[in-house]
Each structure stands twice: as structure tokens, then as C-alpha cells.
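Novice: Got a structure for you, written out below as C-alpha cells; questions coming shortly.
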Amino acid sequence: MYPRFCMPPRRRSAFLALALASVMALSSTLMSLAATLVQISSDPFTNTTSEHKTQVEPDTYSFGNTVVAAFQSGRFYDGGASDIGWATSTDGGVTWTHGFLPGITTITGDGPFDRVSDPAVAYDAKHNVWIISSLALLNGSARRAAHGTHAGPGSSGVISLEGDEEAGPNGVAVLASRSTDGGLTWGNPVTIFNAGPTGFIDKNWTVCDDTPTSPFYGNCYTEFDDFNDGDRVKMTTSTDGGLTWSPPQNTANNATGLGGQPVVQPNGTVIVPLSDAFEFQILAFKSTNGGASWSATTRVSLISHHSVAGPMRSGPLPSAEIDGAGKVYVVWSDCRFRPGCTANDIVMSTSTNGTTWSSPARIPIAPTSSNADFFIPGLGVDKATSGSSAHLGLTFYGYPNANCTASTCQLEVGFIASTNGGSTWGKATKLAGPMNVNWIANTSQGRMVGDYISTSFTASGKAVPAFAVATAPTGGGTCDVGSLNCNEATFSVVGGLPLQ
């Protein structure tokens, strides 16, 4: 969900050898997988203020063979959704139960907020609680009625990921919806942090410490940023299964940023990779005392990013995961390995301590001579593996040809895996597509499948992804505000993907 700075946009001809070579780099690589897709949810809402039927931005988490996914349902053009949908599999992604979180929005009839966004899934093994954190939004009119006009830092230059300070909607609270029956039913949310009607917070993410030998076993941590404070990064901690949360804390250097994804090492150290407030660099910070305090940020890497055509809502936000020994893996879209920064690869950096990071390595989805463009990565790491035998699964979106337009861009979903910690990678395969970008939800920052997607591993060692797939709107045309004819839903792969 982010209004980030906007970069200017960037079919192939069957008769041009050069263009065909570009397409083959993606198309031939992503057409070999015999996988059965399963639709795990669809948008049931009909309010005329958002786009239906649309679902975007899935996150997943797994524990054993249970996988829980959460996603926006009924996306608004200027931020947020009608509600957060959920889907749960207790058999490793073979079958799914699904529904929608209660008690959040007025659109569902039982909540106080106008919209909701940014679902993130976590599991607290100590307390046997599944948690979906989300960002609750109020429209500008509702906020002004409550507290009058509030002038915010609209010209500060930092990136606001959801909303507009005056017109709204703005993020006013981070919520935690809890399930105590394995993700099959969900209660009304508790509040992680309430910024009030004039607040402007964004991009929450939650993780729990699930290692029984950790001194902080059962702690859960939520990160978000405060746009009213220059995108100041905030961290809050729960020790009771997400029922109550500590007051937010800054990092030691009062860092700004967004899109943080905390992970927890087996010794209890929490490491939080994130983007800076301008999406110019990937940073990281950590806590070694159960969230009592947080270190200053260190730089993981500078970012070089090619503006994705479409226009597609996409940027270099990180996707972070951790292996069984505590090694952290961070991926993002980056053009540094392409001559002239003409398209993006997915690159990866790793760390064992959250302070010292490896130089970014290119994940070889296609040759550097290709014009294929890759973006919006969702990384999964099998926590039953580690080090030089760590199993990594990466789901991503891509275009066969970066130099496309709204009428010619062909969006595809791909997957690639490594069984040796990323030293080498197997052949990239296609899961879905091609899709016309005008079939997917329209937002103020371009067409949207999500600011992030997700991959999680089950106890059987298979990778279960979640991603948005669209088909042509019913009756034709494009997906847009007020439409009930869009066909963008959340999909996975039946039983997950074995690593090759």
C-alpha cells in the first residue's frame, strides 16, 4: 500500500529476434512447472467506494503443516480495503478454510474503522495463538470531524505508504486479530497501538519468538512507522499472546524507514530488515533483550531500482526470512546487475548477526542480457534447514519485457528455489499469467497485486506461496473504482511446491 515517489514508466514482436530473446528469458523459464493452482478466497463485498472483486497483498506464516494467509479484500484506489480476508490450511496447503476478520470496518457492519490494510501473519507457539496484525484507517472526513483539520508533513519528502494527510484515509491504529483454534476462527481485534484520529501510521509487521530455548520464548514483536514523525520506525512487544502490547519504542538512532520485517533468531535476538524512508537503501536493526531496547540501524545495501512499467505499483521493499540456525536472508528488487539499470533482478543479502551483511547477490531468474523485469518478491526459508543446506523458495512477479505499456505489459507469477542456502538456484518456473495489468486493482500508485507477497514452508518441506491472480473483468473493460466486475483473487499451489 504505499504512495511512494513515482518513477516514470518503462509486447513483444514475434518478428523481432531481439524482442523475442527478451521474452524467452522469462517465458521459456517460467513455463515448465506442472503445478495445480487453488483459489483460496475471493472478495465478497459490494460497497461502491472500492474495487470488486479484488484481493491483494497476501502474507503467510506456517507452523507444522498449518499455513495461514491474510490479504486485503475490496481494494480502494487511495488506500486500504473493505476488510482483511484469511485462509487457513491444516494439511500443508491441500485444502483451505477461509473467511474475513470481524470487528474492524464499518463495511462489514461490526467495526469502527472505514478501511483496513497491511495484513501480516504470525504464530505464537508458547501461547498457541495465531495473530494477524493490520492497519486500521479512517477517512479524512471522519478524522476532521473528530479533531478538526490537521496539517501534516505532506512536503517532507518521505514516503507515505497509505493515504493522504488531509483527504485521507490515514492509518490510525495497528490491530491484532487473534485465533486460538488453529486459525479456523478469529475474534475481534485488540489494539497494538492507537495513534488517534489525527494519526498517520503505516506498514505494520508482526513476528513471534517460537524457540522454546530462547530466553524470550513467547514474545511477539510488531514494527510500524509513524509518517507524522518523518516515517519514524516504532517497535512494540507483547508477552501474553498478543493481548496487550508495550508502548512503542524508537531505535537507538531514532531511525526512519518503512516496510520492516522482523525475524527472530533461536537465541532470541530480533533482527529487523527494512527500507529507509526514501527507499534508497536497505537497513537493519536489532534487539538482544526481548524488545526492551533497539539498536541503531546499520546499512545492508544501497538500492538501485528500475521503475516498473504498467504503471505497476512496485518498489524495493525487502522480504526477510530466517533459517533454523538464525541466518537472515533479505531480498529486494534491484537493477544493479543490468546494463543501464533497464530492468530489475531479485537480489539477496544475508547476515548471521544483523550487523554485518553480505554483498547483494543476484538470483539468476534470467540472464543479465535479458530485458525481463522481476519485482515484488516473497521469500520463504525452511526453518528445518540451515546454512549451506538451507532450503529457500522465492515467489515473484515479472514482465517478459520491461519496455511495455499499460496495453502490452504481460504480468506473470514465478517461483525459483535453492537447496544450498542460495549458493545456486534451480530453474525458474511460471505459476500464473500472463495477465493484462488493466485487469488488476487500480490505485493512486499504479496497478496493484501487493506491496508484498509471501512464501512459507510446511513440515513436509514444501513451499506454499500466496499471490494475487487476475483474469479479465466480467463483461470486459478494466478494473477500477466502483466496479463489481473485477476478477482478482488470492491463489496458492495445491499441497505446495517441492524444491527442485
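Rule-based calculations on the coordinates, nothing more; no lab input. Please read these numbers as outputs of a predicted model, since none were measured by experiment. Here the Cβ positions follow ideal geometry from the backbone for every residue, glycine too, while neighbour counts run over all protein chains shown.
Novice: Based on alpha-carbon atoms only, what is the radius of gyration of the stretch 163-300 relative to the globular estimate 2.2 N^0.38 Å? Spell out each step's value before the answer.
Specialist: Numbers: Rg = 15.0 Å, N = 138, 2.2 N^0.38 = 14.3 Å.
My calculation over the Cα atoms of the stretch 163-300 gives 1.05.
Novice: Placing one identical point scatterer on every Cα of the stretch 302-430 and ignoring solvent, what is log10 I(q)/I(0) from the Debye formula at q = 0.11, 0.15, 0.20 Å⁻¹?
Specialist: Evaluating at q = 0.11, 0.15, 0.20 Å⁻¹ gives log10 I(q)/I(0) of -0.36, -0.66, -1.10.
Novice: While we're here: With just the Cα atoms defining each centre, how far is the stretch 397-472 from the stretch 233-277? Give it in Å.
Specialist: 28 Å
Novice: Something else about it: Using Cα positions and a limit of under 23 Å, work out the lysines in reach of LYS383, with same-chain residues fewer than 8 apart set aside.
Specialist: Filter leaves LYS126, LYS286, LYS327, LYS427, LYS462.
Novice: Please list 3J(HN,Hα) in residue order for the stretch 230-246, calculated via the Karplus relation 6.51 cos²θ - 1.76 cosθ + 1.60 where θ = phi - 60°; whole Hz, with x for glycine and proline.
Specialist: x, 6, 4, 7, 10, 10, 9, 10, 10, 10, 10, x, x, 6, 10, 9, 6
Novice: Around VAL129, which amide H atoms from residues at least 5 apart in sequence, or from another chain, sit under 5 Å from its own amide H, with H modelled in the peptide plane?
Specialist: Excluding prolines and chain starts, which carry no amide H, the hits are ASP124.
Novice: Let me ask another. Whole percent per 5 Å bin, from 0 to the bin with the longest distance: what is P(r) over all C-alpha pairs of the stretch 439-485?
Specialist: Calculated over all Cα pairs of the stretch 439-485, the distribution is 5, 18, 21, 17, 14, 10, 8, 6, 2 percent.
Novice: Can you tell me the convex hull volume per residue for the chain, based on C-alpha atoms, in Å³ to the nearest whole number?
Specialist: Values: hull volume 61.5 nm³, N = 500.
Hull volume over Cα atoms, normalised by residue count, gives 123 Å³.
Novice: If packing is taken as the average number of other Cβ atoms within 10 Å across a peptide's residues, how do 301-311, 105-115, 246-256 rank, most packed first?
Specialist: Values: 301-311: 21.0, 105-115: 19.1, 246-256: 16.5.
Descending mean neighbour count gives 301-311, 105-115, 246-256.
Novice: Additional query: Compute the whole-percent fraction of alpha carbon pairs in the stretch 241-347 spaced more than 16 Å apart.
Specialist: 62 percent
Novice: Would you tally the net charge around ILE84, using a Cβ to Cβ cut-off of less than 11 Å, leaving ILE84 out, and scoring K and R as +1, D and E as -1?
Specialist: Details: positive: ARG115; negative: GLU57, ASP59, ASP83, ASP118.
Charge balance near ILE84 sits at -3.
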